[in-house]
1. Given (1) modelled with pLDDT of 85 or more; (2) within 23 Å of the chain's Cα centre (by Cα), identify the lone condition not met by T372.
2. Looking at the range 358-368, can you tell me whether even one residue there is modelled with pLDDT of 85 or more, assigned to a helix (DSSP H, G or I) and over 16 Å from T271 (Cα atoms)?
3. Output the residue which, of all residues in the range 420-453 that are part of a strand (DSSP E or B) and of a type outside the set (A, V, I, L, M), is surrounded by the most Cβ atoms within 10 Å (Cβ to Cβ).
4. Given the range 111-176, what helices (runs of 4 or more DSSP H) lie entirely inside it while holding 3 or more residues that are within 21 Å of the chain's Cα centre (by Cα) and farther than 23 Å from Y16 by Cα?
5. Test of understanding: among F152, F182, which residue is surrounded by 18 or more Cβ atoms within 10 Å (Cβ to Cβ), without any contact (Cβ under 8 Å) to a residue 40 or more places away in the chain and among the aromatic types (F, W, Y)?
6. K83: modelled with pLDDT of 90 or more, touching a Phe, Trp or Tyr at 6+ places or on another chain (Cβ under 7 Å) and not assigned by TED's automatic domain parsing to the domain that holds D406, yes or no?
7. For the range 48-106, which residues satisfy the criterion of being among the basic types (K, R) and in a helix (DSSP H, G or I)?
8. Contact list please: Cβ distance under 8 Å, first residue in the range 291-319 and assigned by TED's automatic domain parsing to the domain that holds D339 and within 13 Å of F263 (Cβ to Cβ), second residue among the β-branched types (V, I, T) and buried (at least 19 other Cβ atoms within 10 Å of the Cβ), pairs at least six apart or on different chains.
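The values are calculated or read from the model by the stated rules, or taken from the named source; none is laboratory data. None of the values given here were measured: they were computed from a predicted structure. Note that we place each Cβ from the backbone using ideal geometry, even for glycine, and neighbour counts take in every protein chain shown.
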Amino acid sequence: MFRKLQRYAQIVGDPYLQAALLGAFVMVFMKKWYPGGNLDTIWYSAVAKNIYLTGDYFKFFISKYYFKDIFDHMPMTYWITAKFFEWFGPSDFTARLYPMICSFASYILIYLIGTKLKDKTFGLVALATHAMCFGASKWNGALMHDVPLTTFYLAAFYTFLLAETNSKLYYVTSIFMTFGVFSKGPIIFGFPLGLFFWSVIHGETKFLKNRHFYWSTALFSVLLAVPLLPQFEFQGLSAYTMFYLWKASYLAESKANEYFAYFIVISQTATITLLPFLWSAVKILRHTEKPSILVRYLRLAFWVSICIVVPLSYFGIKYPHYLLPFYPFLSLVAALSLDRLFRLWPYSFPKTLSTISVLAICLFAAFPLKTTGKRSKEVLNIVNVIKLDRSLKNKMVYYLGKYFDDMTLFQTFKFYGSIDVKPIRPYQLSTVDPLSSYLIMKREHLPVALKGSQIGEENCFILNTLYCVYTHREQVSFELPEFDLPHEVY
């Protein structure tokens with residue numbers, strides 16, 4: 001018992017681990033933005049909240065007016081977020097809790113991988129290199145399915161690395177691979193594809209001679225079969241079938257002039273680390289002597305990174321956040337070139353990193369800024385007013401325009417107010433009753449003719465720089481919450 005406590009004290013008192021934990025904390029938990037700041041994050045928040053409200057974990061939808069049945073992603077992230085809503089109540093923090101845990105774990109895994117490959121300093125260098133990738137750090141703690149996918153990529157890589165000395169960990173690798181599939185479909189298969197090139201090109205076949213590798217592959221196959229059970233069907237179809245039907249359009253071949261789009265994105269979002277990555281890649285690929293464990297597994301990291309970005313480049317639909325699993329492996333390889341530079345620092349590197357992290361924490365605490373755009377705040381302000389109307393359940397909320405004109409507005413109303421907004425066109429305004437409804441319009445569209453009257457800025461019940469909300473003021477009766485922050489009413 002004493003030895004265990006002594007070992008625990010050594011781990012807790014490790015300045016390198018402390019620096020890694022502080023650095024990861026700053027990069028993830030100090031970001032003060034909310035899901036409404038991005039179309040996808042507020043979409044996923046709304047879906048998860050609907051699951052929480054209905055208690056139906058096998059029906060994904062946005063609103064009773066649009067997207068009544070969807071299956072845009074594999075269910076794991078939705079299920080976990082909905083369960084967190086059930087345990088802790090829906091809020092900005094709860095919506096981000098699962099991805100924040102995953103983002104934090106990703107930074108620590110990068111540190112642990114670097115430490116295992118060389119030493120603790122290299123682990124911190126890899127972590128610091130990853131922190132310099134804006135394409136990755138931008139999405140820290142964001143409710144995106146790619147965030148947990150990145151964590152499972154790294155966890156699979158790390159456990160595969162450890163399995164070289166403890167082959168039973170191949171089973172753990174299979175579990176993380178399964179979680180990757182349940183989070184984002186087949187994108188996790190960039191890891192086994194990287195293993196294929198690593199073994200064929202560099203002759204890395206040791207793992208192929210281990211019986212636990214094959215049994216773990218069998219375990220992986222069994223786990224992948226779980227969604228095929230009738231108990232896990234969505235609308236009578238398996239999760240895999242639903243996912244394919246919804247994502248089939250993504251398989252459309254990319255146009256020749258769009259194929260290199262991701263490579264351009266990488267040059268813009270990983271500017272500092274791209275050149276070190278290329279230089280390190282040349283060094284490890286041209287290495288002719290008997291490779292060390294560092295060179296061997298950096299080669300694997302290189303091939304995994306290639307096997308992520310190249311297949312994605314063939315997809316007809318591209319988004320920058322799809323590259324999230326690529327950046328950690330980019331950072332691990334790039335750290336080889338930056339390692340010597342960081343070691344030239346005349347002071348203790350872990351203490352320097354810890355000091356910077358503590359200063360960053362103090363800075364964020366002193367300046368509570370939210371990295372969210374103006375338009376999103378304007379929408380949220382409207383939600384926070386309308387949802388306090390005690391007769392809202394008997395009223396309609398309309399938006400003058402198409403759903404796709406302002407998609408985030410609809411999801412923001414759904415997540416923060418549990419309000420279904422109905423889109424209408426100008427020719428449908430005759431059906432709107434101002435006595436029992438709210439009409440949301442963009443300010444630029446004013447004036448608007450309604451029931452023989454012209455609605456201008458002077459008639460708006462709520463008016464901000466972007467939107468006008470019209471209703472009869474006499475029909476509005478607010479019930480203020482008991483606490484001081486109405487924006488925290490969900």
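1. (1)
2. The answer is yes; a qualifying residue exists.
3. Checking each candidate, the answer is Y438.
4. Here the list reads 146-162.
5. That would be F152, the only listed residue that is surrounded by 18 or more Cβ atoms within 10 Å (Cβ to Cβ), without any contact (Cβ under 8 Å) to a residue 40 or more places away in the chain and among the aromatic types (F, W, Y).
6. no
7. As a first pass, look at the range 48-106 and keep what is among the basic types (K, R): 49, 59, 64, 68, 83, 96.
Those that are among the basic types (K, R) and in a helix (DSSP H, G or I): K49, K83, R96.
8. Going by the 8 Å Cβ cut-off, the qualifying pairs are S305/V333; I308/I187; V309/I266; L312/I187.
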